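Engineer: First the structure, then my questions, so here it is.
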Amino acid sequence: MERRLDHAPTPPTAPAATPGTAQGRCAAAAAQDPTRCEGPHDAATIVDRHGKEVAGCIHHCARILAGLDGARVHPFVPAAHALEIYSRARELPPFAWEIGR
Ligand SMILES: [Zn+2]
């Protein structure tokens with residue numbers, strides 16, 4: 001199963017999948033993931049296997065990293081943030097929100 005980073009902003013005319021949850025979250029937050037951000041929305045950047053980048057908070061970067069095969073933390077991300085993301089992602093199932101986590 002291959003998924004890509006597809007976090008393009010939702011057009012204003014499109015109905016939101018989960019109204020009210022997509023507001024004010026970082027770009028790394030998956031549309032289906034109802035969890036809130038932790039910390040700055042640009043704390044880290046994730047690069048998928050195709051080279052596409054998305055910036056986000058530590059929490060959501062870890063959550064998308066867990067489900068993106070071949071993705072990594074951008075090398076410019078501070079080591080402390082990168083370690084936090086990798087260690088969190090290691091504890092998460094892919095697409096954790098699909099099973100209610
Ligand atoms: Zn976030």
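Engineer: Which of the residues spanning the stretch 69-81 are crowded, with 21+ Cβ neighbours inside 10 Å, in a loop (DSSP other than H, G, I, E, B) and not small (Gly, Ala, Ser)?
Structural biologist: VAL77
Engineer: I'm checking my understanding of the structure. Among residues of the stretch 28-38 that are touching a Ser or Thr at 6+ places or on another chain (Cβ under 8 Å) and free of Cβ contacts under 8 Å to residues at least 60 places away in the same chain, which one is nearest to the ligand (Cβ to nearest atom)?
Structural biologist: The selected residue is ALA29.
Engineer: Condition first: among the small types (Gly, Ala, Ser) and either outside any helix (DSSP H, G or I) or over 13 Å from the mean Cα position of the chain (by Cα) (or both). Now tell me which residues in the stretch 87-101 satisfy that.
Structural biologist: Of everything in the stretch 87-101, those that are among the small types (Gly, Ala, Ser) and either outside any helix (DSSP H, G or I) or over 13 Å from the mean Cα position of the chain (by Cα) (or both) turn out to be SER87, GLY100.
Engineer: I need a count of the residues in the stretch 1-28 that are under 18 Å from GLY70 (Cα atoms) and modelled with pLDDT of 95 or more.
Structural biologist: Looking only at that region, the number is 1.
Engineer: Can you pull out every residue in the stretch 42-68 that is within 18 Å of ARG4 (Cα to Cα), surrounded by fewer than 18 Cβ atoms within 10 Å (Cβ to Cβ) and of a type in the set (D, E, K, R)?
Structural biologist: Of everything in the stretch 42-68, those that are within 18 Å of ARG4 (Cα to Cα), surrounded by fewer than 18 Cβ atoms within 10 Å (Cβ to Cβ) and of a type in the set (D, E, K, R) turn out to be ARG49, LYS52, GLU53.
Engineer: Of the conditions (1) buried (at least 17 other Cβ atoms within 10 Å of the Cβ); (2) assigned to a loop (DSSP other than H, G, I, E, B); (3) charged (D, E, K, R), GLU84 clears all except one; give me its number.
Structural biologist: For GLU84, the failing item is (2).
Engineer: List every residue pair whose Cβ atoms sit under 7 Å apart, with the two residues 6 or more apart in sequence or on different chains, where the first one lies in the stretch 39-55 and is free of Cβ contacts under 8 Å to residues at least 24 places away in the same chain and the second, anywhere, is near the ligand (Cβ under 10 Å from one of its atoms).
Structural biologist: Taking only residues 6 or more apart or on different chains, the pairs are GLY39/CYS57; GLY39/ILE58; PRO40/CYS57; HIS41/CYS26; HIS41/GLY56; HIS41/CYS57; ASP42/ALA55.
Engineer: For the stretch 40-57, give me each residue that is more than 8 Å from the ligand (Cβ to nearest atom) and either among the polar types (S, T, N, Q) or not in a strand (DSSP E or B) (or both).
Structural biologist: Matches in the stretch 40-57: PRO40, ASP42, ALA43, THR45, ASP48, ARG49, HIS50, GLY51, LYS52.
The values are calculated or read from the model by the stated rules, or taken from the named source; none is laboratory data. Just so you know, these numbers come straight off a predicted model, no measurement behind them. Positions of Cβ are backbone-derived with ideal geometry, glycine not excepted, and every protein chain shown enters the neighbour counts.
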